[in-house]
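Since the structure comes first, as structure tokens, the remarks are kept for the end.
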Amino acid sequence: MNFSTYFTVISYLMAGTGLAAAGLTAAISPFVLFAAVLVLGIGLFLNLKAQFLNIPKILWNVFALSIFAFFIIDYLFISNLLLDSASRFLTIIMVAKLFDLKANRDYLTLYILAFFQLLAASAATANLTFLFVFILYIVVGIWTLVIFNLKKDWEEKAPGQTMPKSILGPK
């Protein structure tokens, strides 16, 4: 498997564990969770095919601000529960971020969003199933950050060169 493909798949797997943790709470409806998983799959497919959406940065910022405004409205007038509103906010922001993964900073933001989803889910659920999602997150999270660090170090040490074709070394 190509290193960049492996890196992309493991990053999306980490995002998926964040979604799984958020799905354990009652804050996110099954329809929204299904839509988020569907968008995660579409984003993975497009990212593996190296087809990126060329949406201007200002449009992403307007979208993020509108989602934040929805979060405030959701908290103040709809649910009145900060944890539920924050879980929905994090899920929508992460799904949007899946279509804008270009730089290392974007991947790091994705990892932080997945962590905060796990954190929100840990505060909102007392389900034993969360233990399995937590263990999966720990394993996938460590592996993802190791691979991310390898990618970042490779780019710093060998600028302009592509990653090796195999994750086990040059072939």
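The values are calculated or read from the model by the stated rules, or taken from the named source; none is laboratory data. Since this is a predicted model, take the numbers as computed values, not measurements. When we count neighbours, we look across all protein chains shown, and the Cβ atoms used for this are built from the backbone with ideal geometry, even at glycine. Please note that ligands, DNA and RNA were not included when accessible areas were found on the heavy atoms of the full protein model with its side chains. Shrake-Rupley method; radii C 1.70, N 1.55, O 1.52, S 1.80 Å.
Select from region 18-36 the residues that are open to solvent by 70 Å² or more (accessible area, probe 1.4 Å) and outside any helix (DSSP H, G or I) and list them in ascending order.
Just the residues of region 18-36 that are open to solvent by 70 Å² or more (accessible area, probe 1.4 Å), to begin with: 26, 30-31, 34.
Across region 18-36, the qualifying residue is only Ala26.
At negative phi, of a type outside the set (A, V, I, L, M), without any contact (Cβ under 8 Å) to a residue 24 or more places away in the chain and assigned to a helix (DSSP H, G or I): is that true of Phe148 in this structure?
In short, no.
Within region 1-41, how many residues turn out to be among the hydroxyl-bearing types (Ser, Thr, Tyr) and under 26 Å from Ala124 (Cα atoms)?
Result for region 1-41: 5.
Hey, which of the helices (runs of 4 or more DSSP H) in region 55-143, taking only ones fully inside, have at least 2 residues that are basic (Lys, Arg), at pLDDT below 90 and open to solvent by less than 80 Å² (accessible area, probe 1.4 Å)?
Details: elements: 57-73, 82-97, 104-124.
Once the helices (runs of 4 or more DSSP H) in region 55-143 are filtered for at least 2 residues that are basic (Lys, Arg), at pLDDT below 90 and open to solvent by less than 80 Å² (accessible area, probe 1.4 Å), what remains is 82-97.
Of all residues in region 37-49, which are over 17 Å from Leu19 (Cα atoms) and open to solvent by 70 Å² or more (accessible area, probe 1.4 Å)?
Phe45, Leu48, Lys49
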